[in-house]
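The values are calculated or read from the model by the stated rules, or taken from the named source; none is laboratory data. A quick note: this is a predicted structure, and the numbers were derived from the prediction, not measured. Note: ideal-geometry Cβ built from the backbone for every residue, glycine included; neighbour counts use all protein chains shown.
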Amino acid sequence: AQSVSQHNHHVILSEAASLELGCNYSYGGTVNLFWYVQYPGQHLQLLLKYFSGDPLVKGIKGFEAEFIKSKFSFNLRKPSVQWSDTAEYFCAVRAGNNRKLIWGLGTSLAVNP
Amino acid sequence: SAVISQKPSRDICQRGTSLTIQCQVDSQVTMMFWYRQQPGQSLTLIATANQGSEATYESGFVIDKFPISRPNLTFSTLTVSNMSPEDSSIYLCSVVFSSMAGELFFGEGSRLTVL
């Protein structure tokens with residue numbers, strides 16, 4: 001069965017530290033890849049997405065993610081986090097022509113000022 | 001992006017009762033979905049709300065427990081029937097505005113607590 005794995009469930013960083021959140025999926029065909037963010041008390045919103053083309057995708061608020069097909073990975077990165085990045089981050093994958101998104105369990109990021 | 005409004009935003013209900021959650025979008029959408037987000041767990045798709053026909057349910061979810069309506073392209077309801085404490089969760093409405101490959105947009109969710 002298709003699945004999405006987020007390696008880190010809880011991450012605590014200090015401001016200005018670099019961030020990398022891992023996301024791996026299990027599907028050998030064409031995929032659409034997403035990172036969503038949920039700030040405290042707010043709704044889920046799209047951070048960035050990959051459909052095709054340049055595997056390095058830039059999103060909002062200085063985030064980026066790199067699709068590495070050979071590793072089935074779509075890791076999220078930010079060179080310097082801020083306290084306002086404290087949130088829950090979800091990786092999601094749409095496999096092939098399936099309309100359904102498969103979601104990771106989420107990573108809770110806390111950034112200390 | 002459009003505005004997706006869910007009502008109620010939260011509610012506390014008694015065991016055995018039913019609650020209907022509404023989702024209103026301010027523009028027409030291609031697809032509407034209902035998700036459940038339980039504490040410490042991933043998002044789980046309950047069903048796809050189909051306009052003018054019966055919803056398409058995912059494995060583990062049935063129409064008798066979660067009846068869904070979608071009378072037009074901008075509105076849907078999810079009812080949680082005969083509730084038990086295990087139904088305590090956040091219920092999310094999400095929509096796609098373009099093709100199936102489009103991104104999902106989410107409402108703010110309805111936090112349900114069943115006593």
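General remarks:
- Looking across the range A:38-65, the residues that are assigned to a strand (DSSP E or B), in contact with a Gly (Cβ under 9 Å, 6 or more places away or on another chain) and at the interface with another protein chain (Cβ under 9 Å from one of its Cβ atoms) come down to A:38, A:46, A:49.
- Residue check, residue B:77 part of a strand (DSSP E or B), out of contact with any Pro (no Cβ under 7 Å at 6 or more places or on another chain) and closer than 14 Å to residue A:101 by Cβ: no
- Counted residues, the range A:1-37 - those being polar (S, T, N, Q) and either closer than 26 Å to residue A:112 by Cβ or in contact with a helix residue (DSSP H, G or I) (Cβ under 9 Å, 6 or more places away or on another chain) (or both): 5
- Matching residues, the range B:56-103, being in contact (Cβ under 8 Å) with a residue 40 or more places away in the chain, surrounded by fewer than 16 Cβ atoms within 10 Å (Cβ to Cβ) and within 14 Å of chain A (Cβ to nearest Cβ): B:98, B:99, B:100
- Qualifying positions in the range A:84-101 - within 9 Å of chain B (Cβ to nearest Cβ) and either modelled with pLDDT of 95 or more or within 16 Å of the chain's Cα centre (by Cα) (or both): A:90, A:92, A:94, A:101
- Looking across the range B:1-35, the residues that are within 11 Å of another protein chain (Cβ to nearest Cβ) and either more than 14 Å from residue B:94 (Cβ to Cβ) or surrounded by 13 or more Cβ atoms within 10 Å (Cβ to Cβ) (or both) come down to B:4, B:5, B:6, B:9, B:30, B:31, B:33, B:35.
- Residues in the range A:1-60 that are in contact with an Asp or Glu (Cβ under 6 Å, 6 or more places away or on another chain) and hydrophobic (A, V, I, L, M, F, W, C): A:46, A:56.
- Residue A:81 more than 20 Å from residue B:41 (Cβ to Cβ) and either within 14 Å of chain B (Cβ to nearest Cβ) or crowded, with 16+ Cβ neighbours inside 10 Å (or both): yes
- When the range A:4-36 is limited to residues that are among the small types (Gly, Ala, Ser) and surrounded by 14 or more Cβ atoms within 10 Å (Cβ to Cβ), the one that is farthest from residue A:88 (Cα to Cα) turns out to be A:17.
- Among residues of the range A:79-95 that are among the charged types (D, E, K, R), those with a Cβ under 7 angstrom from a residue that is surrounded by fewer than 17 Cβ atoms within 10 Å (Cβ to Cβ), sequence gap 6+ or separate chain, pair up as A:88/A:108.
- Conditions (1) modelled with pLDDT of 95 or more; (2) in a strand (DSSP E or B); number of the one not met by residue A:80: (2)
- The criterion of at least 1 residues that are under 15 Å from residue B:75 (Cα atoms) is met by the following strands (runs of 3 or more DSSP E) wholly inside the range B:5-60: B:19-25, B:31-37, B:43-49.
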